[in-house]
Amino acid sequence: MLPLEGLTVIAVEQAVAAPFATSRLADAGARVIRIERPEGDFARGYDRAAKGQSSYFVWLNRGKEVVVADLSLEADRQVLWDLLSGADVLVQNLKPGALARLGFSAEALQKHNPRLISCVISGYGESGPMASRKAYDLLIQAESGLASLTGGPESPARVGISVVDIATGATAHAAILEALIRRGVTGQGADIHISMFDVMADWLTVPLLNAEAGQPPGRNGLRHPSIAPYGVFDCRCGGQILLSVQNDREWRSLAAELLGEAALGQDARFATNLARVQNRSETDARVAAALAALSAEEAAAVLSRADIAFAFVNDMAALSRHPHLRRITVGTPQGQVSYPAPAPRFAGEERAYGAVPSLPQKPRQV
């Protein structure tokens, strides 16, 4: 039996953030019924990378059912009310206040189903000076300041995935599970509100505190702002390797095994992380010279012997054939699609993942 088997989730969702949360609930056994407008979720049209279908939609909607409803129509709103009567969770990420204006306010939902856990995802929350502003992933990356930390010295950059949406979906998932645990004790439902801006602000606590202390972080590319050596270096064959020295003991090991100068482990210019950061140019130059004399394979062997953490700087082609990559295969309307497996693994369990739903042709199908 899966952990959430027997629970029903109604998802009035679109795009990425809410579907991320509900996909994890579906993986855990919940029955997830997503409400789509007659023309379908616009995320179905983001790309055609998954056998002619949207990679986003195929990734985030496995194991769900679809009910088509035009919530501007009274009959279709009644369909939603009927579904909510027996539901455990409602997740929605429409424009702030949109569902309430259709009659589904927090008060109405609580009266209709006191045990219902409602989770509202929005860009900026439902109060404050920007509550009514539309928000999408990249907009929040910019507004929160995340983009100012990303990229190289020349300009800000977008994080290469929809990190705000994914972080928000993961936060919503955790909050819903908390509410389900509490409901199991008290019998009470919950009214949860999560904004994308709040999620990113929380995640940006460390650079914010540094900036408020007069040490605003810059854009460092593949280099850590407060640890050295921690960055990418070229090997003899043209490959790149990223290594990380997390403490002074590891530095002594690196000095002896890679640099061939054990005395540098005690040298006042490099013996502590604070000193290495202060003398980053010379620290990195010594590491770069040592790695430039080695192939990537030779460098990996030396770093492994020294017990230094490292990684190769890969691209998506390398990830696709990576020996450590776990995959699942899900059914879709256009055939089976293989992609990375969800991270949680439960000992002794092999989970099956449901198919990606097509868009029904007739409205109000249950």
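The values are calculated or read from the model by the stated rules, or taken from the named source; none is laboratory data. Since this is a predicted model, take the numbers as computed values, not measurements. Please note: Cβ atoms are built from the backbone with ideal geometry, for glycine as well, and neighbour counts cover all protein chains shown.
Taken residue by residue, region 164-176 has at least one member that is surrounded by fewer than 16 Cβ atoms within 10 Å (Cβ to Cβ), in the same structural domain as residue 139 (by TED's automatic domain parsing) and of a type outside the set (Asp, Glu).
A Cβ distance below 8 Å, combined with a sequence gap of six or more or placement on separate chains, defines the contacts here; from region 185-200, residues that are over 17 Å from residue 104 (Cβ atoms) reach residues that are charged (D, E, K, R) and part of a helix (DSSP H, G or I) in the pairs 188/182; 196/137; 196/165; 197/143.
Tell me, please, whether a residue that is more than 19 Å from residue 192 (Cβ to Cβ), assigned by TED's automatic domain parsing to the domain that holds residue 88, of a type in the set (A, V, I, L, M, F, W, C) and assigned to a helix (DSSP H, G or I) can be found in region 149-158. Yes, there is a match, as at least one residue in region 149-158 is more than 19 Å from residue 192 (Cβ to Cβ), assigned by TED's automatic domain parsing to the domain that holds residue 88, of a type in the set (A, V, I, L, M, F, W, C) and assigned to a helix (DSSP H, G or I). If you go through region 45-55 and keep only what is part of a helix (DSSP H, G or I) and at pLDDT 95 or above, you end up with just 55.
Would you check if residue 213 is assigned by TED's automatic domain parsing to the domain that holds residue 299 and either small (Gly, Ala, Ser) or closer than 21 Å to residue 303 by Cα (or both)? No: the conditions fail for residue 213. Looking only at region 123-148, filter to residues that are among the charged types (D, E, K, R) and part of a loop (DSSP other than H, G, I, E, B); which one of those is nearest to residue 19 (Cα to Cα)? Among them, the one singled out is 134. Residue pairs whose Cβ atoms lie under 6 Å apart, separated by 6 or more positions or on different chains, with the first residue in region 75-99 and closer than 13 Å to residue 118 by Cα and the second outside any helix (DSSP H, G or I) and among the small types (Gly, Ala, Ser), are 90/118; 91/11. Within region 132-139, does at least one residue satisfy the condition of being charged (D, E, K, R), surrounded by fewer than 17 Cβ atoms within 10 Å (Cβ to Cβ), over 14 Å from residue 197 (Cα atoms) and out of contact with any Phe, Trp or Tyr (no Cβ under 8 Å at 6 or more places or on another chain)? No, that holds for no residue. Evaluate the following for residue 71: is it over 24 Å from the mean Cα position of the chain (by Cα), buried (at least 17 other Cβ atoms within 10 Å of the Cβ) and over 18 Å from residue 176 (Cα atoms)? Criteria met by residue 71.
The condition (being in the same structural domain as residue 128 (by TED's automatic domain parsing), surrounded by fewer than 21 Cβ atoms within 10 Å (Cβ to Cβ) and either part of a loop (DSSP other than H, G, I, E, B) or hydrophobic (A, V, I, L, M, F, W, C) (or both)) is satisfied by just one residue among 38, 3: 38.
This table checks each residue for (1) surrounded by 16 or more Cβ atoms within 10 Å (Cβ to Cβ); (2) at pLDDT 95 or above.
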residue	(1), (2)
57	yes, yes
61	yes, yes
80	yes, yes
88	yes, yes
94	yes, no
98	no, no
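Scanning region 113-172 for residues that are of a type in the set (Val, Ile, Thr) and either within 15 Å of the chain's Cα centre (by Cα) or over 30 Å from residue 221 (Cα atoms) (or both) yields 117, 120, 121, 140, 159, 161, 163, 164, 166, 168, 171.
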